[in-house]
Amino acid sequence: MKEKSNLNFILEVSGKERFKLYMSAFLSIVSSLLSMIPYILMYNIFLELFKDSVDYQKIKSQAITVGIFILIKIVVFILSGVFSHIAAFTILYELRMKAVNHISKLHMGFFKGHTIGEVKKTINEDIEKLENFIAHQIPDLASAVVAPIIILLYLLFLNWKLALVLFIPIILGFLIQTIVFKGMKERMQKYHSLVQKLNSTIIQYINGMNVMKAFNLSAKSFKNYKDTTEEYADYWTEITMETAPLYSIFLVLIDSGLLFIIPIGGIMFLNKEINVSTYILFLILSANFLTSFKQLLEFGGDFSMLLEGAGKVRNIIEQDIQVHGNKKLEENIKGKIEFNNVTFKYDKEDVIKNLTLCVEPKSVVALVGPSGSGKTTLAQLVGRFWDVEHGSIKIDGIDIKEIEMENLMDKISFVFQDVFMLQDSILENIKMGSNKSKEEVVEASKKAQIHDFVMSLPDGYNTKIGEDGIKLSGGEKQRISIARAILKDSPIIILDEVTSYSDIENESKIQHALKNLLKNKTAVIIAHRLYTIKNADNIVVLNEGEIVEQGDHDFLINKNGMYRRLWDIYDYEVAKEGA
Ligand SMILES: Nc1ncnc2c1ncn2[C@@H]1O[C@H](COP(=O)(O)OP(=O)(O)OP(=O)(O)O)[C@@H](O)[C@H]1O
């Protein structure tokens, strides 16, 4: 992945915009070359002024030419900026779209290894920084490289001995630069990881505020944030202490580059080796040369920082996407799900172990078992939230890896406890991008037992949800998510049963809604409350990723195994709650 440099990566993603970048760099070089011309013309003016009989007409025409070149330089400079800015914003747009699009195709596993803070920093900040690089630094860099070379060549041509004096600050500058920027890559990596950590801790701090307050943990979480901020500040202090003294010497050296030209040029003038106009031109051009040279050296630091940021974007864009085949499930599938010797692990330990299970079409299978036994994992594997390590999962005889992802998602509806809500109207929250009619939405909402609630709101289905709109209770969100699934009408339902209901009324409404949802569907239910799955066609008892028993409720109760024990615990807890 690292064979290609990050700079090449930027050029590669520039795609069609690359021409604009080259154009911008070219115009920037032309602009800096044009800025030399007035100096050369001024030299001619000086030469003329020091003649015995001054030709004022010639001076006038030279002065007008200087003015024209300055104007042309300004126009070319602006054009260079226009090209680079247009390119930059187009590239930024494409890069963001590419990254966000790519993220949607990644395994969930990617989000396990990267926090939301990290991903946000990359997509917002690292990509934004590239704007500065593309819009300003590519053209600046082009002219910063070419301009000093041209000036130096011209000065060597004017008087090579005096021009050689300029090499003193160049050599010293390079030496110091090498020392200052040694280990810069590692430092920049650490810098980026610290910024990511800062982002993650602040997101964690704000997102978890209500939970932390409830548990009186605000101070602890704040301490986490404070510690990270201190680590960041300490890191910058450390870098500054290490590099500042040398860097200051470097700046002074470059700025005082003229100190070498003034005395040595002066001596040469007194010895009549150069005339006064050459001396003056040397002073002007040397100052110009040293400024461009300093700019060029300063690019080094910015470069490392930007290229490291580009590397982060690459890390996302070059992540392997979840491959899928192009087979399609028929419109009216039966909905049979087969797990064949499925093994899966998140990290080191197998969470699902060589599991074989058949979910018959239009049957309801409930997964029960102790916490951590693998119920959620097994259900999520059907939707390829993760891919199995060994074995296969088939729907109507086709391996899910061979099915086109969109088609697979079309055939499965997920109803999870943690309901994701769009910051949009209730109508859009139920439609979820589909082109179903309002009537169909209302029909689904009635079946999901949420219609009456929606109609009691002032704006009905147009009521906004989210920060600017109304807040919904857990039960209401759950019923909206059931309405979504009823509207989607997929043949397979994966349902994470709600652990607790806010009240009896909510509970009976949700049970009713679920009954409507599961009618004629193949369903896999992750069961937390045993009595709700008593009527399931098949109850699968999981323990440590293995099926320990399965059958209907009566069969399993009579078997007197783990299911029976789970019931005993459950009955005890329900009795305790009721007491
Ligand atoms: N994203 C993840 N990354 C790493 N390990 C995970 C992840 N999700 C679950 N696990 C681990 O996998 C095992 C099975 O978890 P899973 O959530 O499937 O069990 P569960 O039976 O649904 O539990 P519960 O009833 O508590 O929801 C557990 O040991 C859990 O810690």
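The values are calculated or read from the model by the stated rules, or taken from the named source; none is laboratory data. In this text the structure is predicted, and so the values were computed from the model without any measurement. Don't worry about glycine lacking a Cβ; one is built from the backbone with ideal geometry, like all the others, and counts go over all protein chains shown.
Quick notes on this structure:
- Any hit, the range 265-272, residues being surrounded by fewer than 16 Cβ atoms within 10 Å (Cβ to Cβ) and modelled with pLDDT under 80: no
- Qualifying residue in the range 441-460 (condition: of a type outside the set (Gly, Ala, Ser), within 16 Å of the ligand (Cβ to nearest atom) and surrounded by 17 or more Cβ atoms within 10 Å (Cβ to Cβ)): no
- Filter result for Glu389 (of a type in the set (Asp, Glu), away from the ligand (no atom under 16 Å from the Cβ) and modelled with pLDDT under 95): no
- Condition met for Ile45 (of a type in the set (Val, Ile, Thr) and at pLDDT 80 or above): yes
- Only residues that are part of a strand (DSSP E or B) and among the aliphatic types (A, V, I, L, M) were counted across the range 421-467, and they come to 1.
- Condition broken by Gly335, with the remaining ones in (1) assigned to a loop (DSSP other than H, G, I, E, B); (2) within 16 Å of the ligand (Cβ to nearest atom); (3) at positive phi satisfied: (2)
- Test: residue in the range 415-436 that is small (Gly, Ala, Ser), within 30 Å of His324 (Cα to Cα) and surrounded by fewer than 18 Cβ atoms within 10 Å (Cβ to Cβ): yes
- Yes/no for Lys362 being more than 16 Å from the ligand (Cβ to nearest atom) and surrounded by 18 or more Cβ atoms within 10 Å (Cβ to Cβ): no
- Annotation: of all residues in the range 225-249 being under 25 Å from the mean Cα position of the chain (by Cα) and of a type in the set (Phe, Trp, Tyr), the one that is surrounded by the most Cβ atoms within 10 Å (Cβ to Cβ) is Tyr225.
- Some residue of the range 491-510 being of a type in the set (Gly, Ala, Ser), on the phi > 0 side of the Ramachandran plot and at pLDDT below 85: no
- The single residue among His107, His102 that is in contact (Cβ under 8 Å) with a residue 60 or more places away in the chain, surrounded by fewer than 17 Cβ atoms within 10 Å (Cβ to Cβ) and not in a helix (DSSP H, G or I) turns out to be His107.
- Test: residue in the range 339-346 that is of a type in the set (A, V, I, L, M), at pLDDT 95 or above, within 16 Å of the ligand (Cβ to nearest atom) and over 30 Å from Asn516 (Cα atoms): yes
- Among the residues making up the range 322-359, those that are among the aliphatic types (A, V, I, L, M) and buried (at least 16 other Cβ atoms within 10 Å of the Cβ) are Leu329, Ile333, Ile337, Val342, Val351, Ile352, Leu355, Leu357, Val359.
- Residue list for the range 161-196, filter: farther than 16 Å from Lys294 by Cβ and either over 40 Å from the mean Cα position of the chain (by Cα) or part of a loop (DSSP other than H, G, I, E, B) (or both): Lys161, Leu162, Ala163, Leu164, Val165, Lys182, Gly183
- Hits in the range 365-386 (condition: away from the ligand (no atom under 12 Å from the Cβ) and either exposed (fewer than 15 other Cβ atoms within 10 Å of the Cβ) or farther than 24 Å from Asp410 by Cβ (or both)): Ala366
- Neighbours by Cβ (under 6 Å, 6+ apart or cross-chain): first from the range 117-135, within 11 Å of Lys312 (Cα to Cα) and in a helix (DSSP H, G or I); second modelled with pLDDT of 75 or more and of a type in the set (S, T, N, Q): Glu118/Gln196; Lys121/Gln196; Lys121/Asn199
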